[in-house]
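Heads up, the thing below is written out as structure tokens.
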Amino acid sequence: MNGKIVQLRQGAELKLSFDDFDYWIERFSKYPLVQLIDLDAALRKGDNKALIADIARRLPVQVGGGIRTAEDAKALLDGGAKRVIFGSSLFNTEPDAKSDELIRKDFAASLKKDVGEENLVFSVDTKNGKVAVRGWQANVDLTPEEAITWLEDYCSAFLYTHVDTEGTMQGFPIDTAAILRATTTRQLIVAGGIRSMQEVEDLDAFGVDAVVGMAVYSGAMDA
């Protein structure tokens, strides 16, 4: 965000900010995949395209934030990203949308065809139990289980962020992870409040991968 590495609390409150990119790129270079989100693009307040492109050349990343078209995705993949994350663009946020129109299944199918299922991660984030979109500033009247079920056939992985605990280091709700794991056969990655290696191991034990942010940047967990 604004050309810096940041950690926000629940997508709104800036808690940490760094500009020592070389240091963190070196720290994260041992991992097979690093999550990279353009928060300005997600919030529709500009973008960090040049910075994203530079990091994607130096680290294996899955990139998200403001990706709205197959062309956006292909440009990122051509620039070195391993996978791309689609979120808000998968959902219909029109106030008069009917329940069967809340997910843009035709768009998801077109992404699978044009970008490739293996390159696609679909982000299903929730706030107060409902899918949250547009930088978590708006909601769609769907549960995460409903959204994942509808989108199951079009991607290789789901990214679930529990916005209520995101950036708080209060722990991720393990029962939620168990429910979501039972909902999909795709790779499931969760984020939001993870604070210890024990949590990561507990999630891994039943086939769920973890995104760790605040705990690493604050020094609570080694990386």
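The values are calculated or read from the model by the stated rules, or taken from the named source; none is laboratory data. Everything numeric in this text was worked out from a predicted model, so none of it was measured. Cβ placement follows ideal geometry from the backbone for every residue including glycine, while neighbour counts extend to all protein chains displayed. Heads up: the accessible areas ignore ligands, DNA and RNA and are worked out on the full protein's heavy atoms, side chains in. Shrake-Rupley method; radii C 1.70, N 1.55, O 1.52, S 1.80 Å.
Computed values, structure above
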quantity: Two-decimal Rg/Rh across the range 1-102, once Rg and the Kirkwood Rh are taken from alpha-carbon atoms; calculated: 1.02
quantity: Within the accessible area of the chain (1.4 Å probe), percent carbon and sulfur; calculated: 48 percent
quantity: Accessible-area value, Lys82, 1.4 Å probe, nucleic acids and ligands omitted, Å²; calculated: 110 Å²
quantity: Volume in Å³ per residue [convex hull over Cα atoms, computed for the range 103-223]; calculated: 109 Å³
quantity: Reachable lysines, given that their alpha-carbon falls under 20 Å from the alpha-carbon of Lys74 and they are not under 8 places away in the same chain; calculated: Lys49, Lys82, Lys105, Lys112, Lys113
quantity: Of the chymotrypsin sites (Phe, Trp or Tyr not before Pro) in the range 151-223, those whose Cβ has at most 12 other Cβ within 10 Å and which sit in DSSP loop; calculated: Phe206
quantity: Lysines with Cα under 18 Å of Lys98, excluding same-chain neighbours fewer than 8 positions away; calculated: Lys130
quantity: Accessible area expressed per residue, the range 72-223, with surrounding protein chains retained (probe 1.4 Å, Å²); calculated: 45 Å²
quantity: Amide hydrogen neighbours beyond the local backbone of Arg104, cut-off 5 Å, H modeled; calculated: Phe91, Asn92
quantity: Under Karplus coefficients 6.51, -1.76 and 1.60, residue-wise ³J(HN,Hα) of the range 186-195 in Hz, glycine/proline x; calculated: 6, 4, 10, 10, 10, 8, x, x, 4, 10
quantity: Per-residue SASA entry for Met221, accessible area with 1.4 Å probe, Å² rounded to 10; calculated: 20 Å²
quantity: Derived scalar couplings ³J(HN,Hα) [the range 161-166; Karplus, 6.51 cos²θ - 1.76 cosθ + 1.60; whole Hz; x for Gly, Pro]; calculated: 10, 8, 4, 4, 10, 5
